[in-house]
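Peer 1: Following this message is one structure expressed as structure tokens.
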């Protein structure tokens with residue numbers, strides 16, 4: 001391991017201080033997509049997986065803004081003692097269920113410091129969790145997170161059973177977490193994804209192998225960037241709060257679950273003595289949000305259409321399990337579906353002249369931004385991410401090859417409208433459903449039109465990207481504005 005220089009620590013501290021009041025910065029963490037969700041997935045039961053957020057949840061009461069910490073290992077520290085409704089700074093230790101949604105609890109605002117456990121009961125009952133009718137008491141369900149997609153309903157906290165599975169000794173998860181120290185300064189827990197390859201030249205020792213010691217895994221900042229890019233998650237040992245008293249000894253980290261019990265709520269709390277579960281609801285502890293893994297990894301079929309290039313097409317839209325199912329909708333260059341599609345929720349810009357990636361014309365870029373990227377990088381290719389590199393979004397040449405070497409027909413499959421390609425070489429068929437498109441939270445043109453992204457930008461202007469469209473009377477290849485939610489049909 002490399003030695004961490006004192007200068008590096010001072011510089012990092014300086015950067016963290018000067019960005020304290022910003023909502024976000026230009027840093028894009030490796031291993032995370034444009035809305036801050038990890039590319040790698042983590043099993044939380046035998047049948048479900050999640051993607052972790054890029055950092056702990058933070059809140060500024062005066063601004064009424066939420067964000068994810070700008071680095072995985074950042075946390076607020078002593079500023080949590082200033083918790084108050086008018087405090088103009090960031091806090092990140094919260095009482096249970098304090099999303100700001102009026103759940104019927106006495107204490108439901110993020111700045112709550114009430115010390116009575118019953119004040120935090122959603123609906124006035126200890127039997128209610130942060131799920132179901134009280135799901136909005138979950139911070140991620142109720143709030144828009146500035147660097148986390150800016151839509152409510154995108155995120156949530158894990159349940160008690162999910163935390164237990166994630167950090168348990170089952171076949172999938174055993175040996176995939178361990179205490180660590182980053183840069184000689186930040187202590188916490190590393191959690192590895194289900195599919196994991198250790199970066200060359202770096203070690204990892206699990207708690208299962210070595211016991212609970214922060215010295216088991218020591219990484220320089222550069223080494224941690226490599227671990228993060230490979231999919232590792234870091235939960236900092238950010239301490240806890242009772243009223244305005246702080247316990248920041250850097251020896252423990254506590255993270256809420258959505259599950260309550262009669263005189264407290266479940267959480268995970270790690271320290272060198274091991275892990276514990278369950279604390280009183282008024283305790284201020286950390287929140288780390290996750291997104292459900294929505295791309296179903298159910299094997300479909302790869303269809304050989306007899307094309308000269310040998311390209312094979314997937315039998316279903318991304319997110320579907322049958323050829324006639326619509327599947328999910330994706331803004332161009334985003335890797336997860338979402339609730340609303342607009343410039344305000346787009347990962348690579350906030351307006352047609354405020355683009356932050358894939359922009360070759362300065363008049364469309366934020367503050368004149370340009371780059372040389374005209375084709376999606378793998379990290380922004382939803383098919384590549386969903387299939388762990390074994391598939392991709394087709395390019396324009398591949399779409400044209402399919403059109404030129406097949407007979408096309410607007411038809412139905414199992415009662416669903418769509419377009420069927422029949423190979424002129426071997427007679428195999430490929431059905432594309434007329435899934436329509438998403439604009440804001442509205443599904444338009446479903447059952448009449450199909451819209452399918454290419455991997456490339458428009459050549460007319462960087463506001464749009466190339467796509468294939470069909471309706472009952474026509475097919476075309478053209479350009480569409482990037483923030484709209486269109487279908488994706490993978491190839492390999």
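Peer 1: From the list 48, 99, 78, 53, which residue is within 22 Å of the chain's Cα centre (by Cα), in the same structural domain as residue 125 (by TED's automatic domain parsing) and modelled with pLDDT under 95?
Peer 2: Unique residue meeting the criteria: 48.
Peer 1: Name the residue that is surrounded by the most Cβ atoms within 10 Å (Cβ to Cβ), counting only residues in the stretch 96-144 that are closer than 14 Å to residue 284 by Cα and in contact with a helix residue (DSSP H, G or I) (Cβ under 6 Å, 6 or more places away or on another chain).
Peer 2: Across the stretch 96-144, the extreme among qualifying residues is 96.
Peer 1: Could I ask something else about it? Please specify each residue of the stretch 84-108 satisfying the condition of being within 14 Å of residue 238 (Cβ to Cβ) and in a loop (DSSP other than H, G, I, E, B).
Peer 2: Within the stretch 84-108, 90, 92, 93 meet the criteria.
Peer 1: Please give the number of the condition residue 476 fails out of (1) in contact (Cβ under 8 Å) with a residue 12 or more places away in the chain; (2) outside any loop (DSSP other than H, G, I, E, B); (3) within 29 Å of residue 365 (Cα to Cα).
Peer 2: It fails just one condition, (1).
Yes or no, residue by residue, for (1) in contact with a strand residue (DSSP E or B) (Cβ under 8 Å, 6 or more places away or on another chain); (2) touching a residue at least 60 places away in the same chain (Cβ under 8 Å); (3) not in a strand (DSSP E or B):
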site: 130; (1), (2), (3): yes, yes, yes
site: 141; (1), (2), (3): yes, no, yes
site: 161; (1), (2), (3): yes, yes, yes
site: 171; (1), (2), (3): no, no, yes
site: 178; (1), (2), (3): yes, no, no
site: 184; (1), (2), (3): yes, yes, yes
site: 189; (1), (2), (3): yes, yes, no
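Peer 1: Can you confirm whether residue 323 is buried (at least 22 other Cβ atoms within 10 Å of the Cβ) and farther than 30 Å from residue 240 by Cβ?
Peer 2: So residue 323 passes the test.
Peer 1: How many residues, within the stretch 390-410, are without any contact (Cβ under 8 Å) to a residue 12 or more places away in the chain and in contact with a strand residue (DSSP E or B) (Cβ under 7 Å, 6 or more places away or on another chain)?
Peer 2: Residues that pass the stated criteria total 0.
Peer 1: A further question follows. Being within 16 Å of the chain's Cα centre (by Cα), in contact (Cβ under 8 Å) with a residue 12 or more places away in the chain and either part of a loop (DSSP other than H, G, I, E, B) or closer than 15 Å to residue 490 by Cβ (or both) is the requirement here; does residue 358 meet it?
Peer 2: For residue 358, the condition - within 16 Å of the chain's Cα centre (by Cα), in contact (Cβ under 8 Å) with a residue 12 or more places away in the chain and either part of a loop (DSSP other than H, G, I, E, B) or closer than 15 Å to residue 490 by Cβ (or both) - is not met.
Peer 1: Does the stretch 320-342 hold any residues that are closer than 21 Å to residue 377 by Cβ and not in a strand (DSSP E or B), and which are they?
Peer 2: Result: 328, 329, 331, 332, 333, 334, 335, 336, 337, 338.
Peer 1: Something else now. Among the candidates 31, 36, which residue alone is crowded, with 24+ Cβ neighbours inside 10 Å and under 16 Å from the mean Cα position of the chain (by Cα)?
Peer 2: Only one candidate qualifies: 36.
Peer 1: Out of the stretch 235-262, which residues are assigned to a strand (DSSP E or B), closer than 21 Å to residue 111 by Cβ and in contact with a strand residue (DSSP E or B) (Cβ under 8 Å, 6 or more places away or on another chain)?
Peer 2: Scanning the stretch 235-262 gives 239, 240, 241, 242, 246, 247, 254, 255, 256, 258, 260.
Peer 1: So is residue 134 farther than 30 Å from residue 179 by Cα and either free of Cβ contacts under 8 Å to residues at least 12 places away in the same chain or not in a loop (DSSP other than H, G, I, E, B) (or both) or not?
Peer 2: yes
Peer 1: Working only within the stretch 349-371, note down all residues that are under 13 Å from residue 34 (Cα atoms) and surrounded by fewer than 20 Cβ atoms within 10 Å (Cβ to Cβ).
Peer 2: 350, 356, 357
Yes/no matrix, rows are residues, columns are (1) without any contact (Cβ under 8 Å) to a residue 12 or more places away in the chain; (2) over 30 Å from residue 28 (Cα atoms); (3) surrounded by fewer than 23 Cβ atoms within 10 Å (Cβ to Cβ):
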site: 421; (1), (2), (3): no, yes, yes
site: 428; (1), (2), (3): no, yes, yes
site: 439; (1), (2), (3): no, no, yes
site: 446; (1), (2), (3): no, yes, yes
site: 468; (1), (2), (3): no, yes, no
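The values are calculated or read from the model by the stated rules, or taken from the named source; none is laboratory data. Bear in mind the structure is a predicted one, so any value in this text is a computation, not a measurement. Heads up, the Cβs are rebuilt from the backbone with ideal geometry, glycines too, and the neighbour counts pull from every protein chain shown.
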